[in-house]
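Trainee: After the structure tokens below, expect a handful of questions from me.
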Amino acid sequence: MTEEELKRKLQREQAIEDALIQSMIDHIGSVDSELRDGLIYGTFSTWIMEDRLKGDQLAELLDISLELLFKGIGESGTDTVFTRSFASLWIAAILYSDNKHDFLPEAAIGKTHEALLAYMPAEQDVRGYVPVKGWAHSVAHAADAFDELVKNLKLDAAAYPELAKALWNKIFISESVYVHAEEERLLVPLLEMMERGMDLKLVEELLTELPEKVLLQKQQLPEENYWFLVANCKGFLKSFYVETGKKLNLSILQKNIGESLKAME
């Protein structure tokens, strides 16, 4: 069905039908924000919260979403980002449901783990809010999927360090400055892994390496882009400092965070 037909259908209370789900998938990355965000994702998330989809349906939708996660990957400034970003949200929603009901096989969690690890460094379009077209927010939405993955009991905790590094490396963006709380969303799964027992020595090492990693870019980037990078890293560290201060078991990291900030002055 066309976007307008789908919009009209979703604006009315509808029974869940295969044809409706297929049309939602077909238009998951629509540039019409009302359809994409408010109606397609809004309807899907409602179905998830109300447990209206069966496990086998969600398993199939997970496979489809993992494929859509790479549509146009490597592009920047194009509309394919909406497909990738909202596929991330569907993945997060499906994992949320599995965390409640445990219907996905371990292999599906492994496949999702590998896909998210491949996707995060490959995503080049880090726009937040796009005028007229609405939220892209690829980094924030991917972080949501990471967070639900980390909470899944079928994920081996040995995967945490690699996941943490994939999230951490998304701080080092020099094309623009994050202005839509992306750094805060990246922190959510990182903090979750730390709460679940990830060795804090890894985080301490990443904090120690951060200032030098930024400085190495000073001679390689145009000046404006270098300062974009600095702003992103400082914004992340400041948010990290605040969040670790809320948790007694993580407040030990504040000294390291403060030293990293001071080294970039």
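Trainee: Which of the numbered conditions does residue 158 fail, given that it passes all the others? Conditions: (1) touching a helix residue (DSSP H, G or I) at 6+ places or on another chain (Cβ under 8 Å); (2) without any contact (Cβ under 8 Å) to a residue 60 or more places away in the chain.
Mentor: (1)
Trainee: Could you list, in sequence order, the residues of region 57-78 that are over 15 Å from residue 115 (Cβ atoms) and either touching a Leu at 6+ places or on another chain (Cβ under 7 Å) or touching a residue at least 12 places away in the same chain (Cβ under 8 Å) (or both)?
Mentor: The answer is 57, 58, 72, 74, 75, 76, 77, 78.
Trainee: Out of everything in region 168-185 that is of a type in the set (A, V, I, L, M) and within 22 Å of residue 226 (Cβ to Cβ), what residue ends up being most open to solvent (accessible area, probe 1.4 Å)?
Mentor: Out of the qualifying residues, it is 179.
Trainee: Checking the structure you have, find out if any residue of region 9-16 is in contact with a helix residue (DSSP H, G or I) (Cβ under 7 Å, 6 or more places away or on another chain), buried (at least 19 other Cβ atoms within 10 Å of the Cβ), at pLDDT 95 or above and not small (Gly, Ala, Ser).
Mentor: No, region 9-16 has no match at all.
Trainee: Follow-up. Return the pairs, sorted by first residue and then second, in which the second residue is of a type in the set (Phe, Trp, Tyr) and surrounded by 18 or more Cβ atoms within 10 Å (Cβ to Cβ), the first residue lies in region 230-243 and is within 16 Å of residue 216 (Cα to Cα), the beta carbons are less than 6 Å apart, and the residues are 6+ apart or on different chains.
Mentor: Sorted first by the residue in region 230-243, then by its partner, the pairs are 232/178.
Trainee: Another one. Applying the selection to region 220-265, what residues are in contact with a Pro (Cβ under 8 Å, 6 or more places away or on another chain) and open to solvent by less than 20 Å² (accessible area, probe 1.4 Å)?
Mentor: Of everything in region 220-265, just one residue is in contact with a Pro (Cβ under 8 Å, 6 or more places away or on another chain) and open to solvent by less than 20 Å² (accessible area, probe 1.4 Å), namely 260.
Trainee: Given the structure, is residue 32 modelled with pLDDT of 95 or more, farther than 17 Å from residue 71 by Cβ and surrounded by 12 or more Cβ atoms within 10 Å (Cβ to Cβ)?
Mentor: For residue 32, the condition - modelled with pLDDT of 95 or more, farther than 17 Å from residue 71 by Cβ and surrounded by 12 or more Cβ atoms within 10 Å (Cβ to Cβ) - is met.
Trainee: Would you confirm, using the coordinates I've provided, whether residue 210 is among the aliphatic types (A, V, I, L, M), touching a residue at least 40 places away in the same chain (Cβ under 8 Å) and assigned to a helix (DSSP H, G or I)?
Mentor: yes
Trainee: If you don't mind, there's one more thing I want to ask. What tally of residues in region 155-170 results from selecting those that are part of a helix (DSSP H, G or I) and within 19 Å of residue 102 (Cα to Cα)?
Mentor: Matching residues across region 155-170 total 1.
Trainee: Scan the helices (runs of 4 or more DSSP H) fully inside region 54-154 and keep the ones with 3 or more residues being farther than 17 Å from residue 36 by Cβ and open to solvent by 50 Å² or more (accessible area, probe 1.4 Å).
Mentor: 55-68, 80-101, 106-122
Trainee: Just to be sure, is residue 160 more than 23 Å from residue 128 (Cβ to Cβ), open to solvent by less than 40 Å² (accessible area, probe 1.4 Å), of a type in the set (Phe, Trp, Tyr) and out of contact with any strand residue (DSSP E or B) (no Cβ under 7 Å at 6 or more places or on another chain)?
Mentor: Judged against the criteria, residue 160 is a match.
Trainee: Of everything in region 6-50, what is part of a loop (DSSP other than H, G, I, E, B), touching a residue at least 12 places away in the same chain (Cβ under 8 Å) and not aliphatic (A, V, I, L, M)? Give them in sequence order.
Mentor: Residues satisfying the conditions are 27, 29, 30, 32.
The values are calculated or read from the model by the stated rules, or taken from the named source; none is laboratory data. Since the structure is predicted, the reported quantities are computational estimates derived from the model, not experimental observations. Positions of Cβ are backbone-derived with ideal geometry, glycine not excepted, and every protein chain shown enters the neighbour counts. Quick note on the areas: whole protein, heavy atoms, side chains included, nothing else; ligands and nucleic acids left out. Shrake-Rupley method; radii C 1.70, N 1.55, O 1.52, S 1.80 Å.
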